[in-house]
1. Return the FRET efficiency for the residue pair residue 197, residue 166: r is the Cβ-Cβ distance, R0 is 30 Å, and the value is rounded to the nearest 0.05.
2. Using a Förster radius of 45 Å, what is the FRET efficiency between residue 21 and residue 61 based on their Cβ-Cβ separation? Nearest 0.05, please.
3. Express in whole angstrom the spacing between the alpha-carbon centres of the stretch 63-108 and the stretch 154-190.
4. Viscosity 1.567 mPa s, temperature 4 °C: give me the Stokes-Einstein translational D for the chain in µm²/s, with Rh taken as the Kirkwood radius over C-alpha pairs.
5. Which value in deg cm²/dmol, rounded to the nearest 500, describes the helix-derived mean residue ellipticity at 222 nm for the chain, given -39,500 (n - 2.57) per DSSP H run of n ≥ 4 and division by the residue count?
6. Determine the alpha carbon to alpha carbon distance for each of 54/156; 54/89; 54/111 and list only those over 27 Å.
7. Taking the Cα centre of the stretch 20-84 as origin and charging only Cβ (+1 Lys, Arg; -1 Asp, Glu), how large is the dipole, in debye to the nearest 20?
8. Given the peptides 43-52, 177-186, 23-32, arrange them by the average over their residues of other C-beta atoms within 10 Å, most packed first.
Amino acid sequence: MIDMKDLPYDLKALAPTISPETMMYHYEKHYAGYVQKTNELIANTPFENAPLDKIIFESAADIVWAKLYNQAAQVANHEFFWNSLSPKKEDYTISPDLANLIQKDFGSKEKIMEELLNKGLSQFGSGWVWLTLYQDHLCVESTSNADTLLVHPEHKPLLVIDVWEHAYYLDYQNKRTAYLKAVTGKLLNWRFASQQLS
Ligand code: MN
């Protein structure tokens, strides 16, 4: 049985970039639904008492568990996403180590934001856009639907942005560009990214 994790901030905290209404649906309906379905699918299976990362890793290895993998991966992706955003100014500070990598691999933070936007726009359908460390380089990558980088440990995630429509439709309708510009420009938790790196 897995538990819902608390949001690291209030449902209203990310407004006006992300409205309380979006956060309520996203956290209390979508995310809660993934947790609930994961628990339904692990009941009376070898995964019943397993931690989430083990459920994801092992269910990914065999397509008989594909339904479970999708639900469990969505739980982990959302938990990583909540942590990738912050309403607090002090969380927008980049550590010296991360700043060096940004300088080396992208030239500037603005260039990363531009790449996150491009990757997010070119992701067909639903998915996730990630800032990762891959072979000692910072990269911007995307995964489709529920797919998670947790099962690709050589790609270490630093930040993720949800590009499923449920993440932005109430606030931005179909304008994924406007959502991505607002989120990358105003809410990314660079302190969390710095912590992931170290
Ligand atoms: Mn979502």
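Coordinate-derived values only; no laboratory data. Predicted, not measured: the structure shown is a model, and the values here were computed from it. Ideal geometry is used to build each Cβ from the backbone, glycine not excepted, and the neighbour counts take in all protein chains shown.
1. Numbers: r = 29 Å, r/R0 = 0.97.
The computed FRET efficiency comes out at 0.55.
2. Working: r = 38 Å, r/R0 = 0.85.
Once the sixth-power term is evaluated, E becomes 0.75.
3. Distance between centres, Cα-based: 11 Å.
4. On the way: Rh = 17.2 Å.
The estimated diffusion coefficient comes to 75 µm²/s.
5. Numbers: 9 runs with 89 residues, N = 198.
Here the helix-only value at 222 nm equals -13000 deg cm²/dmol.
6. Working: 54/156 17 Å; 54/89 34 Å; 54/111 35 Å.
Violating the 27 Å limit, Cα to Cα: 54/89; 54/111.
7. Numbers: 4 positive and 8 negative charges, 19 e Å.
Computed about the Cα centre, the dipole is about 100 debye.
8. Values: 43-52: 12.7, 177-186: 18.3, 23-32: 16.6.
For the peptides 43-52, 177-186, 23-32, the packing ranking is 177-186, 23-32, 43-52.
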